[in-house]
Structure formats: C-alpha cells, structure tokens
Amino acid sequence: MSQSMSIPASQTRRPATMSAGMSDRWFSILLITPAMVVILVFALLPLAYALDVSFRFADLTRGRLGDFVGLDNYRIVLADEAFWKSVGVTLQFTVSAVVLEMVLGIAIAFLINGATAGKGIIRSLMVLPLATSAAVTGLFWRYLYDTQFGLINYFLGLLHLPQPNWLGDYTIALWSVVLFDVWQWTPFVALIALAGLQALPKEPFEAAELDGASTFRVLRTLTFPMLKPVLFLVLVLRTIDSVRLYDAVAVLTRGGPGTTTESMTFYLYRTGLKLFRMDYASTMAVFFLYAMLVASLFALAPLLKQFSTRASEG
Amino acid sequence: MKQILIAGAVASTALVATVGAASAQACNDADRVPITWSTIAGFYTDAMAKLVSGFEAKNCVKVNVVNIDNSQLYNKQVIEMVGQTGAYDVVTLETSEKAEFAENGFILPMTDYFADKKAQLDDVAPTLAALTTQYKGDVWGLPYYTYTAGYIYRADLFDDPTEQAAFKAKYGYDLAVPTTWAQHRDIAEFFTRKKGDKLKGEELTKDFYGVGLMAGPFPEIQDEMSGVLWSQGADWLTDDGKVPVDAVEKAMDDYLKLVKFAPPAALTVTYDGVMNQMKDGQIAQTYSFFLDQWPNAVTTEQSVPGARMGVAEAPEKKAYIGGFLLAVSASSTHPKEAMDFVAYIGGHDAQMEFAKAGGTSTLMSVLSDPQFATPESRAKTGHFATLLKIFDDMKGFRSNLFDTPFGAKIYNTMQIPLQAAAAGQITARQAAEQLASDVEKICGGPCPIGK
C-alpha cells in the first residue's frame with residue numbers, strides 16, 4: 001500500500017510504453033479522438049448538413065439541393081397547422097405516458113421491495129418487455145387490440161363489457177398507444193426505482209422506526225428525498241424517449257385515424273420520406289433538436305449541479 | 001402444301017428453341033449480366049421467382065430480386081433514383097408513381113424498344129395501358145400485375161329466396177348485383193344484422209355486416225373511393241390541376257353512409273382485413289374492391305358453410321384501374337437487358353405462367369384464354385371475364401391523378417383527410433377542403449397535368 005502510494009502521479013497516468021515526449025494533455029486528446037471522430041461523422045456532420053438543407057429548397061424528387069431560401073422553410077413550418085398538431089399529440093402522449101409510468105413504476109418498485117419471496121423471478125419477467133423492440137411488441141399489441149380477433153375485446157366480451165375500437169376510434173387511439181408504451185416502459189422505471197430503494201442506507205429508517213415515525217412521514221422525509229436523484233434521472237430519460245415517439249405509432253396506428261396519433265417524429269418522417277420535402281423535414285428536425293436541447297438543459301441543470309458539487313467535494 | 005408449311009414452321013420453331021437453349025447453356029454464370037429488380041414482397045414472390053428462372057434460362061442474365069415491403073417500396077426506389085446509384089435496374093411502380101418517375105428522369109422511355117414489338121404492346125389491356133404505361137406520348141414500361149377493382153359478394157345470400165323476398169318487401173325491387181351505388185347502399189343496409197337475427201333463415205351467432213370497407217390508415221381508402229368519384233364524372237384532380245371539392249365531398253358523404261354498415265374494424269384495415277372479414281363470414285359484399293383478391297375471396301366457400309362467392313363489375317361500371325408497372329431505371333448500367341426482362345415478364349408466355357399460379361394478368365390474350373374460363377380454374381381465374389368487361393366499359397378513361405408528376409405525393413397524402421372523415425374526426429366537407437389544401441401545398445399551386 002505504501003509502495004503504491006509512493007508512485008509518482010505522472011507514472012500512474014501514463015502507460016510505460018508511451019512515448020516519453022507526449023504530454024498528459026495530448027495523451028488525453030488521443031484517447032478521446034476515436035469518440036470525437038464518431039460523433040463528428042455520425043452526429044455533427046449530419047447536423048450541419050440538416051442545418052444547411054433547412055435554409056434551402058430541397059424537394060428530393062426534383063433533384064439535389066436547391067437554392068438558398070433564407071428563413072422561408074422556418075416560416076412555413078412554424079405556420080404549418082399539421083406540424084403544431086403533431087407537437088400537441090407528442091406533448092399529450094409524453095405527459096400521459098411518463099406520469100403513468102412513473103407512478104406505476106414507483107408503486108411496483110415499493111411492492112417488490114417489500115416482497116419476501118420471488119423477487120428474482122419478478123425482476124426477470126419485468127425485463128421481458130424491455131428486451132424486445134417496440135416494432136415487434138407493437139405488432140403483438142396490434143393483434144391484441146384487434147376488434148375482430150383481438151384477445152382484449154374477446155375477454156371484454158366474455159365479461160359483457162363494451163368492446164372499444166382501440167385503434168380505430170379517434171377518441172381513444174392515442175390512449176391505446178399510451179397504454180402500449182406504459183406496458184413497455186413501466187418495468188424500466190420500476191427496476192431503476194427498485195435498485196435505488198435497495199441501495200438506500202438502513203440506518204436512517206431504523207432511527208425513524210425507533211422514533212415512531214409514520215409510514216407517510218418516512219416516505220415524505222426520508223425515502224423520496226433520498227430517491228430523488230434516481231427518480232429524476234428516470235423522469236428525464238423517459239421524457240426524452242417519449243418525445244421521440246415513432247415506433248409505436250408506425251406499427252400500431254400509422255398516425256391514424258386521420259392524424260389523431262401523428263407524433264412529431266412521425267410527421268417528420270412523412271414529410272421527409274413520403275413527400276420527400278427534405279427542406280421542411282430538416283427544419284422540423286432542427287426545431288425539434290433545439291427544443292430538446294433547451295428542455296434538457298433546464299431539466300438536467302439540477303443534476304449537473306449536483307454532480308459537479310460532488311466532484312469538487314471529492 | 002399446308003402440311004409442308006406446318007412442318008416448316010415446326011422445324012423452324014424447334015431450331016430456334018434449340019439455338020436458344022444452346023445459347024443459354026453456353027452461358028457461364030460468370031458471364032451473366034447482373035440486373036436487379038426491386039419489387040413488392042409477398043406479391044406472388046414464388047411465382048415471380050419461377051418467371052425469373054424462365055428469363056434466365058433464355059438470356060445470359062442473372063436477375064437479383066429485391067423484395068421490399070409495399071409500404072417502403074416507393075421511398076426506397078426514389079432514394080436510389082435520386083442518388084443515381086444504379087442499385088435497381090428494374091423498378092416496380094404503383095400507377096400514381098409513373099408520371100413522377102418519368103417526369104424526373106428516373107426511368108427510361110421504352111417507346112423505341114417497343115417500336116418493333118407493337119403486337120406485344122397492343123396485347124396489354126388498352127384501358128390499363130393508357131393509365132399505367134403512357135405519359136406525354138411515351139411508353140414507360142409494362143404492367144405485369146393488375147389490381148383493378150370490381151365487386152365481390154356472397155352470391156349464396158343474394159340467391160336465397162327468404163332474403164330475396166325480404167329485400168323486395170323492404171325496398172320494392174329485386175335483390176341482385178347492384179348496378180348503382182344507391183342499390184349498393186340498400187344492400188349494405190339490408191344485410192347488416194345483429195347477433196341473434198336470422199340470415200338465410202339461420203340464427204346469427206355474431207354480428208353480420210352489409211359491407212367490408214378499407215377505411216384504415218392506408219392508401220386503399222382512396223382506391224375504393226376512386227370508382228365512386230369517377231362514376232360521378234369527376235376525378236381527384238380537375239384539368240386545371242385542382243381538387244374538385246364538391247365532388248370529393250359527395251363521394252365522401254356516400255362513403256360515410258356506408259361506414260355504419262361495415263364492421264368496426266373497417267377503420268383499421270386494408271384489403272387483407274376485408275378478406276379476413278369475408279372468410280370469417282362477417283360481411284355480405286365489398287365496396288369497390290381489388291379483383292386480384294378473388295383467389296383469396298373464393299376460399300370463403302371453404303371457411304363459411306354454404307357460402308358461394310360471386311364477382312361482378314362495380315356499380316355504375318366505374319372502378320379503380322391499377323397495375324404494377326415494370327420500368328427501367330435511368331441509372332441502370334444494363335438498360336438493354338433490363339428492358340428485355342420487362343418485356344419478358346410482361347409478355348405472353350410469362351403472363352400465362354403467372355395466371356396459372358393465380359396472378360392477375362394484364363394481357364388481353366391471357367385474360368380471354370378459354371383455359372381460364374373453365375369451371376376448374378374458377379378458384380384462380382374466375383374474375384378474368386369480369387376484368388375484361390371492366391376494361392371494355394372503361395375504354396378511353398384517364399385520370400389526372402395518374403398524369404401529374406405529383407401523383408405519388410398526392411396519393412401518399414390523400415388517405416389522411418379521407419380516413420379522418422371516415423373515422424368521424426372531421427366532416428366530409430372538411431376532408432374535401434383539407435385534401436384540396438394539401439394538394440395545393442404539394443404542387444405549389446395548381447398541379448401540372450401531363451397526358
């Protein structure tokens with residue numbers, strides 16, 4: 001122990017085979033270069049290209065990139081009723097799905113945490129919806145929702161309950177997509193919350209029990225405050241993922257009936273790859289990215305602050 | 001003398017066949033010219049593989065078939081055409097895509113190629129040829145498959161004396177294959193019954209519906225509405241390149257009147273869903289429906305006891321005319337071989353084989369071949385005679401939707417307002433107005449029409 005402590009810092013950071021002439025700074029740059037190249041090629045260059053396209057006329061079927069049109073595409077997209085409708089659908093979906101997933105996921109996590117047997121099996125079962133892609137499970141759910149041959153309506157019929165047209169009734173189609181998403185992603189919230197619960201120190205809870213604190217008080221003053229960073233992270237992750245809603249819509253409803261379930265990304269896809277108006281599609285993508293960046297910065301600010309405080313303390 | 005001539009002809013044919021076989025045998029795999037055909041997955045894939053083998057046996061060409069899901073075929077083909085990648089030598093186009101591909105230089109005209117093959121070109125059903133192959137005076141390929149629409153119904157219900165009497169008592173005229181859309185609506189209403197009601201004198205164990213509709217979020221909703229719109233003397237686009245709002249509203253209104261006589265699943269399905277409803281004994285008739293589905297529809301006779309299927313022209317003798325066009329990519333590195341392939345697949349011999357496999361041919365000589373009119377071949381080709389009548393009745397018909405270079409984009413958009421109205425989200429008027437607005441946006445004003 002004393003020997004390892006006595007090794008100079010420079011030697012612990014630098015491999016023996018490394019050239020003696022390379023500074024720490026250059027070595028760090030060398031290490032991050034592959035990741036930076038990947039980000040540059042697969043994220044920044046396409047982003048720059050999309051930005052360029054968003055300021056030009058670009059109807060793919062009429063040839064390659066056209067003339068510079070200034071802010072025309074932004075003006076058109078921002079005045080596009082269908083675009084704002086898709087934004088509304090996305091927000092409605094995100095709020096509903098994330099709230100339900102958080103509430104159910106946390107509740108399930110508490111139930112599993114309190115269980116005395118079968119925790120391993122339940123955890124394994126909960127991974128199943130996450131382990132399959134939305135495209136596959138979406139197909140599976142499309143058959144479940146089928147009004148003629150679907151299992152859900154079959155059982156509702158046996159119970160003499162109304163048999164809704166899950167994907168064809170415009171008043172409930174979006175809720176059917178929400179239900180599917182909740183089924184797929186609640187286990188994710190539950191598993192993360194469960195891991196957070198199991199990592200909590202026992203001492204404060206034992207002290208609270210000795211003091212005769214009620215369950216509600218323990219939850220309010222100990223459990224939730226201590227779980228807050230974990231839950232907040234899950235909330236941010238689920239929100240970002242929900243805003244990107246595409247697969248479930250593509251498989252279950254194709255945006256229908258009409259445009260009832262047409263999310264922003266699905267509308268972007270339709271504009272870009274059905275109408276081949278890459279200019280409008282790129283403009284929407286830039287707008288989408290900007291909105292996500294701003295929202296993420298606000299949402300992640302407390303977490304980033306917490307991490308930087310911990311780092312400085314360390 | 002006659003015998004000598006016949007003997008001569010036979011000998012020449014044998015010689016040509018021998019030389020052809022020899023040349024094919026002499027062709028090494030390494031020498032074969034590779035061409036790639038992008039086509040629709042699941043549409044007689046096995047039959048197509050057999051036809052491809054037939055072409056390869058006669059030509060020193062290797063055909064790679066790329067099967068693509070129908071919903072993605074247009075996107076993928078456009079991307080490859082714009083990029084001029086040469087990935088596909090032969091492309092498969094929906095009727096509304098022809099003008100766009102031709103106008104933008106994505107495909108090569110085949111007018112010169114067919115200059116000395118006029119007989120082959122003339123064999124394509126003229127109505128189909130006009131809509132699928134011609135644009136601005138040029139020929140752009142050959143259709144190899146038609147999904148022209150007609151009317152498919154449960155003939156056993158129409159022939160039942162109890163049902164006939166009840167229908168006559170209610171509507172004052174005989175129950176028969178409808179010749180007007182008003183009669184079609186009456187029939188749809190008449191056969192819509194609840195579980196426990198009687199059908200052909202027997203108690204129903206589940207709800208029964210008067211009509212199957214393709215009102216799901218797919219382009220087929222506009223296909224089935226096309227015949228109705230066309231029978232009004234209107235079109236999706238006027239000669240000025242605008243959507244006739246009043247005519248579309250009327251067609252949409254007529255459609256909405258039918259929705260209540262269709263299974264609730266109508267709002268989520270396309271043609272395969274309607275066929276499942278038919279085979280499950282849920283519906284009495286279709287609307288304007290793809291006749292290529294006849295071999296599928298006729299299996300209802302096995303799945304529903306006592307069922308007998310019938311096929312006829314759609315009411316008012318106007319129906320959607322559609323076909324998959326085979327065309328040669330402008331970026332093909334082997335256009336000659338690609339054109340030979342198009343001519344082969346769309347030619348008589350291949351189309352005969354295709355028809356025997358249950359495919360719906362595009363050639364008059366095949367559709368009218370007596371061997372396909374026999375009772376034995378009814379299950380596969382029982383719709384051929386009806387198709388001939390449809391082509392005859394619609395002779396000279398053209399739709400502006402298929403003659404505008406924006407046809408494909410309009411086609412990919414129009415389902416949205418139409419389906420929204422079918423689902424009750426908006427009114428027929430709003431759907432027609434939204435369609436007009438969307439189309440104007442797509443074309444950047446009135447759509448150009450190039451016949």
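None of the figures in this text is laboratory data; all of them are computed from the coordinates on show. Remember, predicted model here, so these are calculated numbers, not experimental data. Neighbour counts are summed over all protein chains in view; Cβ atoms, including those assigned to glycine, are modelled from backbone coordinates with ideal geometry.
Some observations on this one:
- Kirkwood Rh and Cα Rg combined as Rg over Rh, evaluated for segment B:311-451: 1.06
- Total charge dipole magnitude, chain B, about the Cα centre, Cβ charges on Lys, Arg, Asp, Glu only, Debye to nearest 20: 500
- The charge dipole of segment B:308-430, taken about the Cα centre with unit charges on the Cβ atoms of Lys, Arg (+1) and Asp, Glu (-1), comes to about 480 debye, rounded to the nearest 20.
- Amide H contacts of residue B:66 (H built 1.01 Å from N, under 5 Å, at least 5 apart or other chain): B:37, B:38, B:39
- In the protein assembly as shown, helical runs assigned H by DSSP with n ≥ 4 each contribute -39500 (n - 2.57); averaged across all residues and rounded to the nearest 500, the mean residue ellipticity at 222 nm is -17500 deg cm²/dmol.
- Assuming charge only on the beta carbon of Lys and Arg (+1) and of Asp and Glu (-1), the dipole of the protein assembly as shown about its Cα centre is about 1680 debye to the nearest 20.
- Take every DSSP beta bridge whose two residues both sit in chain B; close to 65 percent of them are antiparallel.
- Per-residue Cβ neighbour rank within 10 angstrom, fewest leading, A:116, A:215, A:259: A:116, A:215, A:259
- Only beta bridges with both residues in the protein assembly as shown are counted; by DSSP, about 70 percent of them are antiparallel.
- Taking B:52, B:65 and counting other C-beta atoms within 10 Å, the order from fewest to most: B:65, B:52
- Expected-Rg normalisation [2.2 N^0.38 Å, Cα atoms] applied to chain B: 1.04
- Restriction of the trypsin sites (Lys or Arg not before Pro) in segment B:135-235 to DSSP coil positions whose beta-carbon has at most 10 other beta-carbons within 10 angstrom yields B:194, B:195.
- According to the Cα-based calculation, Rg over Rh for segment A:72-302 is 1.05, with Rh computed by the Kirkwood formula.
- For residue B:277, neighbours were defined as the other residues whose beta-carbon sits under 13 Å from its Cβ, and their charges (Lys and Arg +1, Asp and Glu -1) total -1.
- Sorted largest first, extent of the protein assembly as shown alpha carbons per principal axis (Å): 117, 75, 51
- Sum of side-chain charges, residue B:393 neighbourhood, beta-carbon under 11 Å (Lys, Arg +1; Asp, Glu -1): +1
- Here the relative contact order of chain B, from alpha carbon pairs under 8 Å that lie six or more residues apart, stands at 25 percent.
- Restriction of the trypsin sites (Lys or Arg not before Pro) in segment B:330-395 to DSSP coil positions whose beta-carbon has at most 15 other beta-carbons within 10 angstrom yields B:395.
- Farthest positive-ward along chain B dipole, Cα basis, beta-carbon charges - from B:113, B:283, B:151: B:283
- Principal axis dimensions, segment A:232-314 - Cα atoms, whole angstrom, descending: 54, 28, 15
- Relative exposure of B:60, B:447, B:27, judged by other C-beta atoms within 10 Å (fewest first): B:60, B:27, B:447
- Qualifying trypsin sites (Lys or Arg not before Pro) for segment A:104-206 [loop in DSSP, other Cβ within 10 Å: at most 14]: A:202
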